[in-house]
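Novice: Please read through the structure below; I'll follow up with questions.
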Amino acid sequence: MQFNRQWMAKFGWPTAGAGERPLTIAHRGASGHRTENSLAAFALASDLFAEMWELDLRMSADGVAVVSHDDNLARVTGRGLRISEATWSEIRAVRLPDGQFVPRLEDVVDLAVERGAGLYVEAKSEGSADAAWHVLAARKFTFAAIGSFNARWIAALRRKGCPYPLSVLVPNGADPFSYSAEAQPDILHLCWRDASSEPHKLIAEDLVSRCARVGAAIVLWHEDRREVLDGLEGLPVLGICSGRPETLKPYQPGDDKAPGIVCHRGANFLAPENTREAVRLCIDQRFQFVEIDVRTTADGELVVIHDATLNRTTNGIGPVSSRTLAEIRNLDAGGWKAPGYTGLQVPTLNEILDMSRDRIGVYVEIKDADPEAVLGEVVKRGMIETVFFWCWEREVLRDIRSHMPEARLMAPRREHSSLEAAISDYAANIVQFELGHDSPSEIAVCQELGVQSMVFCLSDNLADLAKVLAVSPDLVNLDRPDLFKILQAYPDIVGNLRESVSPRVA
């Protein structure tokens, strides 16, 4: 990645990761989780350690640079107002689904300064490329690039002496060099997501070499498919866009001593807990286990939900056990988290097991369910070696052990008088510790006794997570696995965090 390091230094950009991995460019912010091009989406992108935010720029009727992909706000806001025909005061009055306003470029620049993020501006309408240059320069904001599908606009900036790196976005089917020739861009942004089922194979060695010869860095389309990202791994590109920026920094343990990550109720910081989406995000980040809670419906079906009642995580009320599966499936289990998740359903145990098989292990906490029924679904899928169980009722665990000697069971250390007692009660395979309550010295003893250690931590503070990492457990059960993976696998990012942005992970 020597070319990328030199390229970034030329434009005065911070060399994130020493230029050894592509920049994470959050596509319209973290648009896979929050309303696209909103301040909430951009802030979340920084919380997920995206180095840059991609945003779309249009001009209002009175000359304000408005951050929006579409000219018509109907798709995002439900109100058919055209930015090109409206004044800023009219646009400002429109509310996004989460109650926010449509931002100006100035609003996003101010947030980027606060968060230490770069900006990748895509000009969408006549005059917006010049407006981007003006606003960025007026605020002396240097970590930025300006691009467009319209090579003529970019060529005009080139002729005027724009000091920012200039990008031409190349559509599928176009030759990148002839398409962008007029602009002589600093960045060739290849928008080839839909070119094939394996678009990563289009980034051939001769293409990379030719870009280097003309001094153009490569930025790639918005991508969050794990199989495509895996195919892009190691390619010498400057940046990759994604509306799910967490997927561009997957967990890479590095050695056998790195702990396996267990995601408490799934990736619940990003997605509604105990949903298929929360599990999918764990798989996409290459975590080792997802923790789920299992309860029984009125008609005997096994569903994944934490609380005994539907009130907190769905738009229903009353006990889970009083509703049939059909009734529960008609409820919204996502809108409480964010508008973009409206319509998600409470999943069944079978659905979670099916999507997890051969992709991620599962930690099943039995809240209110027949242990034999739960065990039967796991065994039916041949997953007994990649699943472990726990329940507050020890008799349930003893029952599992008697029916399935090879089942893997967890025991909380704090519930027992000694480490040996925790293991012997029902022949536990995993002992869970809580720092500040249990002695960390016993973690090392677990290996001698032939069991795995797991530290349970719900903190979102990096200092607390560093303490968890320091005791070297076999597993960590976390509310914020997205933070822990950065601490473990991307220590350069943690070391480079500026004090001004540290509250984002406090």
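Novice: Have a look at Ser356, Ser321 and point out the one that is within 23 Å of Leu475 (Cβ to Cβ), among the hydroxyl-bearing types (Ser, Thr, Tyr) and in contact with a strand residue (DSSP E or B) (Cβ under 7 Å, 6 or more places away or on another chain).
Specialist: On the way: Ser321 fails: within 23 Å of Leu475 (Cβ to Cβ).
Of Ser356, Ser321, the one residue that is within 23 Å of Leu475 (Cβ to Cβ), among the hydroxyl-bearing types (Ser, Thr, Tyr) and in contact with a strand residue (DSSP E or B) (Cβ under 7 Å, 6 or more places away or on another chain) is Ser356.
Quick grid of which residues meet (1) surrounded by 17 or more Cβ atoms within 10 Å (Cβ to Cβ); (2) within 29 Å of Val387 (Cβ to Cβ); (3) free of Cβ contacts under 8 Å to residues at least 60 places away in the same chain:
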residue	(1), (2), (3)
Glu223	yes, no, yes
Gly239	yes, no, no
Ser242	yes, no, no
Asp256	no, yes, yes
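Novice: Please find, among Leu478, Leu462, the residue that is more than 30 Å from Ala373 (Cβ to Cβ), buried (at least 16 other Cβ atoms within 10 Å of the Cβ) and of a type in the set (A, V, I, L, M).
Specialist: Of the residues listed, the single one that is more than 30 Å from Ala373 (Cβ to Cβ), buried (at least 16 other Cβ atoms within 10 Å of the Cβ) and of a type in the set (A, V, I, L, M) is Leu462.
Novice: The conditions are (1) closer than 21 Å to Glu36 by Cα; (2) open to solvent by 10 Å² or more (accessible area, probe 1.4 Å), and Thr247 fails exactly one of them. Which is it?
Specialist: It fails just one condition, (2).
Novice: Give the residues of region 390-415 that are touching a helix residue (DSSP H, G or I) at 6+ places or on another chain (Cβ under 7 Å), buried (at least 17 other Cβ atoms within 10 Å of the Cβ) and either of a type outside the set (A, V, I, L, M, F, W, C) or part of a loop (DSSP other than H, G, I, E, B) (or both), sorted by residue number.
Specialist: Matches in region 390-415: Cys391, Asp399, Met404, Ala407, Arg413.
Novice: Could you please give the count of residues in region 416-437 that are in a helix (DSSP H, G or I), touching a residue at least 12 places away in the same chain (Cβ under 8 Å) and open to solvent by 50 Å² or more (accessible area, probe 1.4 Å)?
Specialist: 1
Novice: Report every pair of residues separated by at least 6 positions or lying on different chains whose Cβ atoms are under 9 Å apart, first residue within region 301-312 and closer than 8 Å to Thr348 by Cα, second open to solvent by 50 Å² or more (accessible area, probe 1.4 Å) and in a loop (DSSP other than H, G, I, E, B).
Specialist: Final answer for the pair search is Leu302/Asp370.
Novice: Does region 148-163 contain any residue that is open to solvent by less than 10 Å² (accessible area, probe 1.4 Å) and touching a residue at least 40 places away in the same chain (Cβ under 8 Å)?
Specialist: Checked region 148-163: no residue is open to solvent by less than 10 Å² (accessible area, probe 1.4 Å) and touching a residue at least 40 places away in the same chain (Cβ under 8 Å).
Novice: Filter region 304-343 for residues that are surrounded by 20 or more Cβ atoms within 10 Å (Cβ to Cβ) and over 25 Å from the mean Cα position of the chain (by Cα) and give the result.
Specialist: Leu310, Val320, Arg323, Ile328
Novice: Check region 206-214 and report whether any residue there is open to solvent by 10 Å² or more (accessible area, probe 1.4 Å), in contact (Cβ under 8 Å) with a residue 40 or more places away in the chain and farther than 26 Å from Asp110 by Cα. Even if it seems obvious, please write down each step before you answer.
Specialist: Here is the first cut: in region 206-214, the residues open to solvent by 10 Å² or more (accessible area, probe 1.4 Å) are 206-210, 212-214.
Narrowing the set further to residues that are in contact (Cβ under 8 Å) with a residue 40 or more places away in the chain leaves 212.
Next cut, farther than 26 Å from Asp110 by Cα only: 212.
For region 206-214, residues open to solvent by 10 Å² or more (accessible area, probe 1.4 Å), in contact (Cβ under 8 Å) with a residue 40 or more places away in the chain and farther than 26 Å from Asp110 by Cα: present.
Novice: While we're here: When the residues of region 94-147 are filtered to those that are in a loop (DSSP other than H, G, I, E, B) and of a type in the set (S, T, N, Q), which remaining residue is surrounded by the most Cβ atoms within 10 Å (Cβ to Cβ)? Break it down into steps so the answer makes sense when it comes.
Specialist: So the first thing to find is which residues in region 94-147 are in a loop (DSSP other than H, G, I, E, B), and the list is 94, 96-100, 102-103, 116-117, 124-127, 139-143.
The next check asks that each one be of a type in the set (S, T, N, Q); those that pass are 100, 125, 142.
Working: Gln100: 14, Ser125: 21, Thr142: 14.
Within region 94-147, the match that is surrounded by the most Cβ atoms within 10 Å (Cβ to Cβ) is Ser125.
Novice: Taking the condition in contact (Cβ under 8 Å) with a residue 40 or more places away in the chain and among the acidic types (Asp, Glu), does Glu126 pass?
Specialist: In short, yes.
Novice: Any chance you could count how many residues in region 175-194 are touching a helix residue (DSSP H, G or I) at 6+ places or on another chain (Cβ under 9 Å), open to solvent by 20 Å² or more (accessible area, probe 1.4 Å) and closer than 24 Å to His27 by Cβ?
Specialist: Of the residues in that region, 3 qualify.
The values are calculated or read from the model by the stated rules, or taken from the named source; none is laboratory data. What you see is a predicted model, and the numbers here were worked out from it, not measured in a lab. Glycine gets a Cβ as well: all are built from the backbone with ideal geometry, and neighbour counts include every protein chain shown. We work out accessible area using only protein heavy atoms, side chains counted, and drop any ligands, DNA or RNA first. Shrake-Rupley method; radii C 1.70, N 1.55, O 1.52, S 1.80 Å.
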